[in-house]
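The values are calculated or read from the model by the stated rules, or taken from the named source; none is laboratory data. The structure displayed is predicted, hence computed values, not measured ones. Every residue, glycine among them, receives a Cβ derived from its backbone with ideal geometry; neighbour counts consider all protein chains shown.
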Amino acid sequence: MKAIHVNSTLPSVPYLGRLKGPDGYQVEDFELLTTILSAAAWRRFNGPVKLYTDHVGEAYYRRLGMTELWDGGIDTDVLESLPPLIHHNVFWTAGRVAALRAETAPFVSLDTDLIVWGALDDLITSEFMALHPEPLHHMIYKPRCELSTPTGYVWEEWDWEATPCNAALTYFADDRLTEMFHAKAMEFIVGNPVQREAVDRLPVYDVFVAQRLLPMCALRLGVRPTYFLDWPRPGRNSETMAGGGRNELVTHVWAYKDALKGDPDHREAFCRQCVARIRTDYPGLVGMLRHMPSIQRYLS
């Protein structure tokens with residue numbers, strides 16, 4: 001089964017693991033390593049993986065010698081053709097919305113900080129699957145009356161009781177869903193007047209699109225979303241597979257990024273663990289690491 005990674009360099013929000021500074025665009029060392037493991041593990045157990053990025057992203061990965069990771073190719077046309085009037089620091093997954101529409105089902109979308117350590121085929125249970133459900137009562141999921149919209153936008157009759165989904169890992173079996181989601185998402189994104197979130201690190205608007213509007217579209221098409229992981233409560237996030245049993249299939253680093261950024265010891269240990277896994281499972285990629293300045297220190 002094919003998969004896609006998406007990385008737009010336009011957003012500069014702190015929780016993505018990307019940096020923009022005097023030296024230009026960069027990806028944090030720990031996310032470079034998870035990107036390598038994400039692509040390599042997917043290729044080993046599931047199939048080809050393709051990257052959607054822009055010219056800056058493609059040049060950055062090429063400079064680091066990483067382009068060989070994506071055996072499905074690298075596409076820059078889709079993200080370079082994003083419509084104007086998008087506030088990318090608010091809608092930081094707008095590039096993924098466009099990439100989903102550009103792909104042909106069936107396929108999987110996985111974040112570069114998510115690693116699938118085995119085959120997914122036997123776990124497919126519906127035409128649309130997401131990593132795990134999320135609680136609708138969480139403060140990040142705002143009611144319709146609290147969401148600003150572009151001029152002239154008219155709300156449709158969506159099912160506002162639909163369960164939100166974590167979209168770090170999604171499976172699409174039907175192009176109808178990606179087509180509808182792209183159309184409805186762009187109607188909400190393009191020209192939306194919100195230029196920054198009201199509360200730092202609470203991405204209300206992007207999460208509405210990526211994790212609420214997406215399952216709303218699925219239900220509109222008569223598709224009942226299913227999930228790879230259970231989420232019995234936030235304290236046990238990602239520990240249990242949807243069908244029972246301990247999760248040893250998926251690693252998602254998202255919630256750990258603050259610790260990695262704020263604690264040098266955590267960062268050191270994590271990066272060395274990733275390097276050790278690459279050496280053990282993918283020794284052919286160790287040469288790539290030697291040409292990555294931010295990773296070289298973890299090789300000794």
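What to note about this one:
- Complete set of residues in the stretch 251-300 that are β-branched (Val, Ile, Thr) and at pLDDT below 95: THR251, VAL253
- Residues of the stretch 114-146 that turn out to be at pLDDT below 95, under 30 Å from TRP42 (Cα atoms), among the charged types (D, E, K, R) and surrounded by 14 or more Cβ atoms within 10 Å (Cβ to Cβ), as a count: 1
- Test for LYS2: is it surrounded by fewer than 23 Cβ atoms within 10 Å (Cβ to Cβ) and touching a Pro at 6+ places or on another chain (Cβ under 7 Å): yes
- VAL78 surrounded by 18 or more Cβ atoms within 10 Å (Cβ to Cβ) and in contact with a Pro (Cβ under 8 Å, 6 or more places away or on another chain): no
- From the options THR170, THR178, THR149, residue that is hydroxyl-bearing (Ser, Thr, Tyr), farther than 30 Å from GLN273 by Cα and either at pLDDT below 95 or buried (at least 17 other Cβ atoms within 10 Å of the Cβ) (or both): THR178
- Going through (1) touching a helix residue (DSSP H, G or I) at 6+ places or on another chain (Cβ under 9 Å); (2) within 23 Å of TRP254 (Cβ to Cβ) one by one, PRO150 falls short only on (2).
- Among the residues of the stretch 148-201, those identified as within 29 Å of ALA242 (Cβ to Cβ), of a type in the set (D, E, K, R) and assigned to a helix (DSSP H, G or I) are ASP175, ARG176, GLU179, LYS184.
- Failed item, numbered, when PHE91 is tested on (1) touching a strand residue (DSSP E or B) at 6+ places or on another chain (Cβ under 9 Å); (2) surrounded by 22 or more Cβ atoms within 10 Å (Cβ to Cβ); (3) among the aromatic types (Phe, Trp, Tyr): (1)
- Residue match in the stretch 270-290 (condition: assigned to a loop (DSSP other than H, G, I, E, B) and of a type in the set (Phe, Trp, Tyr)): yes
- 1 or more residues farther than 15 Å from SER294 by Cα and touching a residue at least 60 places away in the same chain (Cβ under 8 Å): qualifying helices (runs of 4 or more DSSP H) within the stretch 1-90: 29-45, 77-80
- Restricting GLY243, GLY191 to residues that are of a type outside the set (S, T, N, Q) and modelled with pLDDT under 95 narrows the list to GLY243.
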